[in-house]
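In what follows, a single structure is set out as structure tokens and then discussed.
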Amino acid sequence: MTDLLEVAFLGELQIVLDGRPLHGELGSKEAALLCYLAATGERHTRQALAGLLWSESPEERARNSLRVALSTLRKAFPDHLEITRQTVTFHSEARHRLDVQQLTAVLRDVGVPAATTADDVALLRRLLALYRGDFLETLTTGEGPFDEWAGE
């Protein structure tokens, strides 16, 4: 059984492997690479990934930087990545929990379509900004029926 990888993209980045926080142990490029692979769930060429994260570097340096980052990620997440000479893929079958996938599933369950445009994303951000906690979480009256209603 593989270790559970949990990634919280929303708000402060959190990367946790089997209950152990790892986001502080990864460099920003390694964390960005893991996040990109996990969030997209697609197979990417090494060339595309090098260009995505090291676009300001000469091609040879970008490829070397990617190789080092992939080596780090392979050691940290051996079951979650498939790394070949040409491509890199996040193993969607490996045990993982991504907050963006969970949010998308909940929104789909309530009939909100997937965000596909910048306007959709902006609307979702406004929606999330409104959420500050559970409904009336700090108001109690000591009277059963109201507290039951507010806690639902």
Fill in the blank from the handout: Per the 1/(1 + (r/R0)^6) rule, R0 = 22 Å and r from the Cβ atoms of Asp79 and Glu25, FRET efficiency to 0.05 is 0.80
Problem - Debye intensity ratio I(q)/I(0), log10, the range 1-82, q values 0.11, 0.12, 0.23 Å⁻¹ (C-alpha model) - result: -0.29, -0.34, -1.18
Exercise for the section: List the extent of the Cα atoms of the chain along each of their three principal axes, largest first, rounded to whole Å. Expected result: 68, 37, 25
Fill in the blank from the handout: With a 1.4 angstrom probe the carbon and sulfur portion of accessible area for the chain, in percent, totals 53 percent
Handout entry: Extension gain from Thr72 to Thr141, taking 0.36 nm per residue of separation minus the Cα-Cα distance
Key = 19.5 nm
Handout entry: Accessible surface, per residue, of the chain when the full set of protein chains is kept, probe 1.4 Å, Å²
Key = 69 Å²
Handout entry: Sites matching GluC sites (Glu not before Pro) across the range 1-73 that sit in DSSP coil, with at most 16 neighbouring C-beta atoms within 10 Å
Key = Glu12, Glu25, Glu42, Glu56
Exercise for the section: Please give the FRET efficiency for Thr89 paired with Ser57, using the beta carbon to beta carbon distance and R0 = 25 Å, rounded to the nearest 0.05. Expected result: 0.60
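The values are calculated or read from the model by the stated rules, or taken from the named source; none is laboratory data. If you're wondering where the values come from, they're calculated on a predicted model, not measured in any experiment. All Cβ positions, glycine included, derive from the backbone under ideal geometry; neighbour counts span all protein chains shown. These area figures cover heavy atoms from the full protein model, side chains too; ligands, DNA and RNA do not enter into them. Shrake-Rupley method; radii C 1.70, N 1.55, O 1.52, S 1.80 Å.
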